[in-house]
1. Condition first: within 12 Å of ALA30 (Cα to Cα) and either free of Cβ contacts under 8 Å to residues at least 60 places away in the same chain or outside any strand (DSSP E or B) (or both). Now tell me which residues in the range 99-114 satisfy that.
2. Go through the range 60-69 and give me each residue that's closer than 20 Å to ASP41 by Cα and open to solvent by 40 Å² or more (accessible area, probe 1.4 Å).
3. Here are some residues: PRO117, PRO90. Which one is more than 29 Å from PRO22 (Cβ to Cβ), modelled with pLDDT under 85 and not basic (Lys, Arg)?
4. Does the range 40-50 include one or more residues that are touching a Leu at 6+ places or on another chain (Cβ under 6 Å), closer than 13 Å to ALA112 by Cα and loosely packed, with under 15 Cβ neighbours inside 10 Å?
5. Could you check the range 70-81 and list, in sequence order, the residues that are closer than 17 Å to PHE137 by Cα and either surrounded by 14 or more Cβ atoms within 10 Å (Cβ to Cβ) or in contact with a Cys (Cβ under 7 Å, 6 or more places away or on another chain) (or both)?
6. Counting only residues that are of a type in the set (A, V, I, L, M) and more than 11 Å from the chain's Cα centre (by Cα), how many does the range 65-83 have?
7. Just one of the numbered conditions (1) in contact (Cβ under 8 Å) with a residue 60 or more places away in the chain; (2) open to solvent by 30 Å² or more (accessible area, probe 1.4 Å); (3) closer than 19 Å to HIS142 by Cβ is not true of LYS9; which one?
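The values are calculated or read from the model by the stated rules, or taken from the named source; none is laboratory data. Since we're looking at a predicted model, the values are computed, not measured. Glycine also receives a Cβ, built like all others from the backbone with ideal geometry; neighbour counts cover every protein chain displayed. When the accessible area is computed, the model is the full protein with side chains, heavy atoms only, and any ligands, DNA or RNA have been set aside. Shrake-Rupley method; radii C 1.70, N 1.55, O 1.52, S 1.80 Å.
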Amino acid sequence: MFQTASNLKIFREALSEHLQLPEYFLGMHAFFDGEVIFARDVVQVNFDLSPFPVDFENLWSWFREQLHGQAEQETFAYELAFAVEAEEDPAMEMLAEITRGSGITLWMIDLAHQDTPTDGKRYVIVSAPDKKRSKEFRDTYHGKDGLAGS
């Protein structure tokens, strides 16, 4: 799950392009201490209407504000495949569990389309509050498939 590193610039561009589509699914969830602390799902499905007006700059500014933390904070970004019609989501469960007692805040952002429900992308943004927890996260998860236990 954490094998494909990304960055906020790539995520920003993908999100901006995604919100311009005539139809899309956007799911945003944040986890802290094993709990969902933010959840928002948006589905734009009307092909006859233009996309719902989303002020992308304000949305991006809000998201960046949520990531803002201490000077020692480190942010990691990952990109993985996402299937909007999947019945189970073991990755989501694991992401929530990673935050339990860790001090880490983790964002999961899903971008998908109804026409190609198995070709979506999931971005995972991890905010570790200090160098110690950044190192622990990097040593435990970075470059590894957390679902496979590697």
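1. Restricting attention to the range 99-114, the residues satisfying the condition of being within 12 Å of ALA30 (Cα to Cα) are 99, 104-110.
Of everything in the range 99-114, those that are within 12 Å of ALA30 (Cα to Cα) and either free of Cβ contacts under 8 Å to residues at least 60 places away in the same chain or outside any strand (DSSP E or B) (or both) turn out to be THR99, ILE104.
2. Step one: list which residues in the range 60-69 are closer than 20 Å to ASP41 by Cα, which gives 60-67.
Across the range 60-69, the qualifying residues are SER61, TRP62, ARG64, GLU65, GLN66.
3. Numbers: PRO117 fails: more than 29 Å from PRO22 (Cβ to Cβ).
Residue meeting the stated conditions: PRO90.
4. Within the range 40-50, the subset touching a Leu at 6+ places or on another chain (Cβ under 6 Å) is 42.
Keeping just the survivors that are closer than 13 Å to ALA112 by Cα gives 42.
Adding the requirement that they be loosely packed, with under 15 Cβ neighbours inside 10 Å leaves 42.
Yes - at least one qualifying residue is present in the range 40-50.
5. Within the range 70-81, GLN73, GLU74, THR75, PHE76, ALA77, TYR78, GLU79 qualify.
6. Taking the range 65-83 as the starting set, the residues that turn out to be of a type in the set (A, V, I, L, M) are 67, 71, 77, 80-81, 83.
Among the residues that remain, those that are also more than 11 Å from the chain's Cα centre (by Cα) are: 67, 71, 81, 83.
Number satisfying all stated conditions: 4.
7. For LYS9, the exception is condition (1).
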